[in-house]
1. Return yes or no: is residue 106 at pLDDT 95 or above and surrounded by fewer than 17 Cβ atoms within 10 Å (Cβ to Cβ)?
2. For the structure I just gave you, tell me whether residue 187 is modelled with pLDDT under 90, out of contact with any helix residue (DSSP H, G or I) (no Cβ under 6 Å at 6 or more places or on another chain), surrounded by fewer than 17 Cβ atoms within 10 Å (Cβ to Cβ) and part of a helix (DSSP H, G or I).
3. Given the conditions (1) at pLDDT 95 or above; (2) more than 12 Å from residue 31 (Cα to Cα), which single one is not true for residue 145?
4. If you scan region 1-50, which residues turn out to be part of a strand (DSSP E or B) and at pLDDT 90 or above?
5. Hey, any hits in region 77-85 for a residue that's surrounded by 14 or more Cβ atoms within 10 Å (Cβ to Cβ), more than 14 Å from the chain's Cα centre (by Cα) and modelled with pLDDT of 95 or more?
6. With 100, 86, 151 as the choices, which residue is touching a residue at least 24 places away in the same chain (Cβ under 8 Å), touching a helix residue (DSSP H, G or I) at 6+ places or on another chain (Cβ under 7 Å) and closer than 16 Å to residue 44 by Cβ?
7. Can you say whether residue 124 is closer than 28 Å to residue 75 by Cβ and within 16 Å of the chain's Cα centre (by Cα), as far as the supplied structure shows?
8. Any idea which of (1) at positive phi; (2) in contact (Cβ under 8 Å) with a residue 60 or more places away in the chain is the one residue 69 doesn't satisfy?
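The values are calculated or read from the model by the stated rules, or taken from the named source; none is laboratory data. Small disclaimer: the values here were computed from a predicted structure and weren't measured. Every residue, glycine among them, receives a Cβ derived from its backbone with ideal geometry; neighbour counts consider all protein chains shown.
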């Protein structure tokens, strides 16, 4: 068991089922697929990015894509180290559930199952998730990444938010995720699962 443990940590982590590891610069960190407290479901949808590095990163011309062929192209924005960036379908706090997005998009859908891909300005895939009924998704609760250093595309890396924001939905747009975990035991288990599943 000790030998297996050492072998795991002596190798670079690999993805699960085509998943992309979050050792990349920017990660998909949280998303709200089924809001309840917004004026309409579309108004309350949002996505949060997280800078997983110690560097400032310019998001100019970065692109998010979904499984419907819809795209969001980001404007110039210098995202600080360990900083959060929230993209929302509506910028009006009285309509979107009570949060302030950094960027307002249009014609981009987040459903209870689908995919979201993040590309940098050179069109290189940076992060990607494909989510479905095996993921922790419920009405009025965002889906949060437990740790930005864990594999991206696996349901065990994500969980339901536990903190209320704005007008009553649960989530942490623009702040550390409520389910964030960084214990040695949890990190060890996450990497072990990445190799054995």
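1. Answer is yes for this residue.
2. Yes.
3. (2)
4. The answer is 26, 27, 28, 29, 30, 31, 32, 46, 47, 48, 49, 50.
5. Yes, region 77-85 contains a residue that is surrounded by 14 or more Cβ atoms within 10 Å (Cβ to Cβ), more than 14 Å from the chain's Cα centre (by Cα) and modelled with pLDDT of 95 or more.
6. 100
7. So residue 124 does not fit the description; no.
8. (2)
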